[in-house]
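Colleague: Below you will find the structure I want to go over with you.
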Amino acid sequence: MGAPMESKSKSLWSHAWDSLKKDKTAVFSLAIISIYVLIAILTVTGVVASGWEKEVGASYLPPSAEHIFGTDIFGRSIFLKTLKGVEMAIAIGLITALISTVIGVILGLTAGYFGGKVDETIVWFYTSLASIPYIMLLFAIMFVLGKGTGTLFIALGVTSWVPLCRLVRGEVMRHKEREYVQAASALGAGHRRRMLKHILPNILHIVIIQFSLRFQTAIKSEVILSYLGLGVQGVPSWGTMIDDSKLELARGVWWQLGAATLAMFILVLALNLLGDALRDALDPKLKGKA
Amino acid sequence: MNLWSYVIRRLLYTIPIVLGVCLIIFIIFNVSGYDPAQHLLGKHATAKQIAEVRRELGLNKPLVQQYFDIVKSAFTFDFGRSWSTKQKIIDMIKEGAVPSLTVTLPAFLISTILAILISIVVAFKRGTLLDRALVIKCVGMMSIPSLAYILFFQYFFAYKLGWFEISGYEMGFPNFIPYIILPVFIYVVLSIGPDVRYFRTVILDDIYQDYVRTARAKGLSETKVLLKHVLKNSMIPIITYVVIQIPFLILGALLIESFFSIPGLGGLTVKAVFDSDFPVIKAMTILSAIAYIVFTVITDILYTLVDPRVRLK
């Protein structure tokens, strides 16, 4: 684009931050995500929604001024359950995205940097893994590991790292021959230092964009697993709430479905929009393409 | 290099991938420590019963043998019998494929054509308010979980308004039509968001290429530039995206089939998860991976037919 040359050159990051700040959708999305994270922190510490298990009224009360999202079959407040569900959604998003990022970055860096047999083996492994459709792989792993929140994190994490690994590998291959890496090696930097200290910061934008993607796919996948009875047990999650509502709808009880869907919609939409804005801000190739 | 040698090379390349897929499935199902015999028989099973089930599943064989059994089943499609129905799994799959296709095939065609049309319009209007609004609408639609769509549409259109069948299926044309309208509609709603978003990016990627500038400089109208030049080049990534979805059509729409009681492969898979039907889950995992590999090969071969540059690589 024909942007005027600036007297002082800026780093990619400060540049990206500037363009993010100007993007109203991005700022708004970031604000929403921060609110959700704040709610999650407050529910974990028990400040908010600690009484979600308590009976607050009769069974299946419709939304009213007193119970804004109504009550569920046990007379518990849907509003408090939805708030408590934020905690699980953020945990699922964060932990699975973290697992898949760590695997994807380590394997991608190793494959791209060392090349040769190492690269061939890693590519072979992830091509094989990616040949099993995501949802079937997820079912298979959940089925074998058994129900539970821990296995949910693991299953969602180990099934979703391939796209990131592919991107990191490709980018590392382009970077490793560059002068700055050669300079580092001339200065005596070892393989690990070159990979982590020199190349990784230059490909970090891909990692961040993919992280935001994984975060929201994990939240959506939890719903499907809940329907199959493989979801979160014991504490409220939006997935189990949506699943519970399949028996309630026929009786005209729509508020549990509505509340959980709305809560999830706002968070996932914000993550989606932020992901798009991040991509525009961090990936110079896409600049100006809207 | 001619086409045939490319095809043969491409087929040879799938061998390590098939072996790799079987290895992953082997690790998940046979070595991860999960004991299907214990799972099937419960806590009070005698050692003799467990040994019997393990023998039936081939779990008493050496591990290498077990691995080759999986590889063999990937080619012979002999997956043994289901635990819950006792039927041969391959027969269940054959029966389920047709009902699945009656839902997924029309849905796939409608959503793909619709998505391509919408993304062409969006590409024309790029940068305008309409473009922005449509993109946000797509992202918004993608932000609602599929289960919520299914629950809501089934409740609203079938239960409340009574326009469609709530669930069920009848074999044979045209008997199945009343049962598939709503599932097809939901499938289209679910896939239109990601489709349009992807196609739009692909088309816009091309719009900024030099050859498009040349075409404009020649004095071609915007319509001609888009439809004749851009669309032709965008077709390659679009074809990949579309062909890769075909194996999933055969596998059916998991949740939709389960909710509308359509006796297809998607419903079969979901039911297997509910029933902890180990052999069926394993069979569907192998089958879906093989289908995926076969269709990637087909896509790659289609590529070389559409774009001669690919073969040179």
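The values are calculated or read from the model by the stated rules, or taken from the named source; none is laboratory data. None of the values given here were measured: they were computed from a predicted structure. When we count neighbours, we look across all protein chains shown, and the Cβ atoms used for this are built from the backbone with ideal geometry, even at glycine. Just so you know, the surface numbers come from the protein's heavy atoms only, side chains and all, with ligands and any DNA or RNA stripped out. Shrake-Rupley method; radii C 1.70, N 1.55, O 1.52, S 1.80 Å.
Colleague: Rounded to the nearest 20 debye, what is the charge dipole size of chain B about its Cα centre when +1 sits on each Lys and Arg Cβ and -1 on each Asp and Glu Cβ?
Modeller: So the dipole magnitude of chain B works out to roughly 860 debye.
Colleague: Further, regarding this structure: Taking the stretch B:209-246, which trypsin sites (Lys or Arg not before Pro) meet the DSSP loop condition and have no more than 12 other C-beta atoms within 10 Å?
Modeller: Sparse-neighbourhood loop trypsin sites (Lys or Arg not before Pro): B:LYS218.
Colleague: First check a/c for chain B, with a ≥ b ≥ c the square roots of the eigenvalues of its C-alpha gyration tensor; if it is under 1.5, answer rounded, and if not, answer prolate when a/b is larger than b/c or oblate otherwise.
Modeller: Here chain B falls in the oblate category.
Colleague: Charges on Cβ only, +1 for Lys and Arg, -1 for Asp and Glu, centred on the Cα centroid of chain B; of B:PRO263, B:THR240, B:VAL273, which one is farthest towards the dipole's positive end?
Modeller: Result: B:THR240.
Colleague: As I understand it, the dipole of the protein assembly as shown uses +1 on the Cβ of Lys and Arg and -1 on the Cβ of Asp and Glu, about the Cα centre. Which of A:PRO201, A:THR43, A:ALA97 lies farthest toward its positive end?
Modeller: A:PRO201
Colleague: Whole angstrom only: what separates the Cα centroid of the stretch A:109-148 from the Cα centroid of the stretch B:184-223?
Modeller: One Cα centre to the other: 32 Å.
Colleague: Give me the orientation-averaged projected area of the Cα convex hull of the stretch B:3-76, in nm², one decimal.
Modeller: 5.8 nm²
Colleague: Over the stretch A:3-140, give the accessible area per residue in Å² for a 1.4 Å probe, as an integer.
Modeller: Value for the stretch A:3-140: 52 Å² per residue.
Colleague: Sticking with this one: Ignoring ligands, DNA and RNA, what percent of the accessible area of the protein assembly as shown is carbon or sulfur (1.4 Å)?
Modeller: Here it works out to 67 percent.
Colleague: Please report Rg (one decimal) and Dmax (integer) in Å for the Cα set of chain A.
Modeller: Gyration radius and largest Cα-Cα distance of chain A: 22.4, 74 Å.
Colleague: Taking only pairs that are 8 or more places apart or on different chains, how many Lys pairs in the stretch A:39-161 have Cα atoms under 29 angstrom apart?
Modeller: 5
Colleague: Cut-off under 21 Å on the C-alpha distance; same-chain residues fewer than 8 positions from B:LYS137 excluded. Which lysines are left, in chain and number order?
Modeller: Reachable lysines: A:LYS24, A:LYS220, A:LYS289, B:LYS125.
Colleague: Okay, next question. Separation between the A:LEU200 and B:THR128 pseudo-spin-labels, each 7 Å from Cα along Cα→Cβ, expressed in nm?
Modeller: Simple spin-label model gives 4.8 nm for this pair.
Colleague: Probe of 1.4 angstrom, ligands and nucleic acids ignored: what's the accessible area per residue over the stretch B:99-306, in square angstrom?
Modeller: 42 Å²
Colleague: With a 1.4 Å probe and every protein chain left in place, work out the accessible area per residue of the stretch B:3-76 in Å², rounded to a whole number.
Modeller: 61 Å²
Colleague: Additional query: Working out 0.36 nm times the residue gap between A:ARG174 and A:LYS147, then minus their Cα-Cα distance, what length gain in nm do you get to one decimal?
Modeller: Net length gain for the segment: 5.5 nm.
Colleague: How would you order B:291-299, B:190-198 from highest to lowest mean count of nearby Cβ atoms within 10 Å?
Modeller: B:190-198, B:291-299
Colleague: Moving to a separate point now. Taking just the C-alpha trace of the stretch B:53-95, give me its Rg and Dmax in Å.
Modeller: Expressed in Å, the Cα Rg and Dmax of the stretch B:53-95 come to 11.3, 34.
Colleague: If you don't mind, there's one more thing I want to ask. Given the Cα-Cα distance of B:LYS218 and B:ILE244 and 0.36 nm per residue of separation, how much length would full extension add, in nm?
Modeller: Length difference between fully extended and current span is 5.7 nm.
Colleague: Can you tally the net charge around A:PRO163? Count Lys and Arg as +1, Asp and Glu as -1, for every other residue whose Cβ sits under 14 Å from the Cβ of A:PRO163.
Modeller: In short, +3.
Colleague: Here's something else I'd like to know. In the stretch A:103-149, what residues drop by 40 Å² or more of accessible area when the other protein chains are put back, versus the chain on its own? Use 1.4 Å, and skip ligands and nucleic acids.
Modeller: A:TRP124, A:SER128, A:SER131, A:ILE132, A:PRO133, A:MET136, A:PHE139, A:ALA140, A:PHE143, A:VAL144
Colleague: Provide the buried accessible surface between chains B and A in square angstrom, both chains summed, 1.4 Å probe, rounded to the nearest 100.
Modeller: In total, this chain pair buries about 4100 Å².
Colleague: Take peptides B:234-240, A:192-198 and line them up by average Cβ neighbours within 10 Å, highest first, as a rough protection proxy.
Modeller: Listed from highest to lowest mean packing, they are B:234-240, A:192-198.
Colleague: Using just the alpha carbons, could you tell me how many Å³ per residue the convex hull of the protein assembly as shown encloses?
Modeller: Output value, Cα hull per residue: 211 Å³.
Colleague: Can you tally the lysine pairs in the stretch B:213-313 where the Cα-Cα distance is under 29 Å and the two residues are eight or more apart, or on different chains?
Modeller: Counting lysine pairs in the stretch B:213-313 gives 6.
Colleague: Now, a different point. With just the Cα atoms defining each centre, how far is the stretch A:16-71 from the stretch B:276-297? Give it in Å.
Modeller: Comparing the Cα centres of the stretch A:16-71 and the stretch B:276-297, I get a distance of 40 Å.
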